[in-house]
Amino acid sequence: NIVKFRYVFLAVFIALVVVSVILLPKMINSVNYDLTSYLPDDYETSKGYEFLSETFNIHGDVEIGVTATRAEIKQAADEITGLNGVTSAIWAQYMEMLLDLGVYSPEDGEFLKMYSIFTDALDKGAVQKDAEGNTVLDENGNFVYIDGKECNWALLVTLEYPPSSQEAISVFREIEGVLDGIVGDGNYSMSGMTEQANALYETVFDE
């Protein structure tokens with residue numbers, strides 16, 4: 001019977017494929033990718049997320065590790081900050097503001113410990129030193145970096161959207177585009193709730 005009615009089976013199959021293609025976007029958009037919504041209200045992660053959202057307007061975040069020069073990471077941070085939906089892009093330059101304000105000296109152990117969280121530039125010899133071995137600062141209180149010298153940087157990006165929302169995932173992909181254009185694919189790694197949501201989204205879409 002299958003051979004006898006093969007054209008009927010073929011027509012039904014094609015019709016089902018067409019219906020599936022039409023309904024696919026609706027199905028994808030209806031899936032709840034917000035992983036935080038599955039947590040109990042009294043869970044510590046839920047409380048922390050609520051506190052950041054209400055107090056600092058931080059809803060989503062992306063943690064990025066980048067191998068780049070000082071000029072490249074600055075360009076990337078500036079372009080990412082300019083994206084719609086991004087509230088901040090925090091990197092080592094924010095720590096250097098403490099030097100400019102006179103809160104710390106460049107040789108202060110406490111400052112160096114905090115600065116090392118954002119970059120290993122000092123360990124990699126990417127920062128200029130004078131003949132006496134002291135770190136050189138420019139007129140704005142920033143470290144003076146050696147041109148073309150690469151090191152590792154940490155970049156924390158905060159978003160105005162919930163971490164697993166479609167808007168946050170869209171911004172995440174724009175951030176990827178910025179990094180691809182400046183430092184190149186393979187020279188950075190991304191993590192955080194928004195990254196996990198994007199991976200989940202792509203997995204569901206592929207399936």
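Just a few scattered comments:
To keep it simple, each residue is scored yes or no on (1) among the acidic types (Asp, Glu); (2) open to solvent by 50 Å² or more (accessible area, probe 1.4 Å).
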{"residue": "Asp147", "(1), (2)": "yes, yes"}
{"residue": "Val157", "(1), (2)": "no, no"}
{"residue": "Glu176", "(1), (2)": "yes, yes"}
{"residue": "Met193", "(1), (2)": "no, yes"}
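- For the range 104-145, a residue qualifies if it is outside any loop (DSSP other than H, G, I, E, B), open to solvent by less than 40 Å² (accessible area, probe 1.4 Å) and not β-branched (Val, Ile, Thr), and the qualifying residues are Phe111, Tyr115, Phe143, Tyr145.
- Residues being among the aromatic types (Phe, Trp, Tyr) and open to solvent by less than 40 Å² (accessible area, probe 1.4 Å) - total across the range 159-174: 1
- Single unsatisfied condition, Ala168 versus (1) at pLDDT below 90; (2) in a loop (DSSP other than H, G, I, E, B); (3) of a type outside the set (Lys, Arg); (4) within 28 Å of Leu179 (Cα to Cα): (2)
- A Cβ distance below 8 Å, combined with a sequence gap of six or more or placement on separate chains, defines the contacts here; from the range 1-27, residues that are more than 25 Å from Phe205 (Cβ to Cβ) and among the aliphatic types (A, V, I, L, M) reach no residue that is at pLDDT below 75 and open to solvent by less than 80 Å² (accessible area, probe 1.4 Å).
- For first residues located in the range 179-191 and within 14 Å of Ala77 (Cβ to Cβ), partners that are part of a strand (DSSP E or B) and among the hydroxyl-bearing types (Ser, Thr, Tyr) and lie 6+ apart or on another chain with Cβ distances below 8 Å form the pairs Leu179/Tyr188; Val183/Thr67; Tyr188/Thr67.
- Scan of the range 179-191 for residues that are assigned to a helix (DSSP H, G or I) and open to solvent by less than 20 Å² (accessible area, probe 1.4 Å), ordered by number: Leu179
- Entry remark, the range 60-87: residues being part of a helix (DSSP H, G or I) and either within 10 Å of the chain's Cα centre (by Cα) or surrounded by fewer than 20 Cβ atoms within 10 Å (Cβ to Cβ) (or both) number 8 in total.
The values are calculated or read from the model by the stated rules, or taken from the named source; none is laboratory data. Model, not experiment: these values are computed from the prediction. Positions of Cβ are backbone-derived with ideal geometry, glycine not excepted, and every protein chain shown enters the neighbour counts. Accessible surface areas use protein heavy atoms only, side chains included; no ligands, DNA or RNA. Shrake-Rupley method; radii C 1.70, N 1.55, O 1.52, S 1.80 Å.
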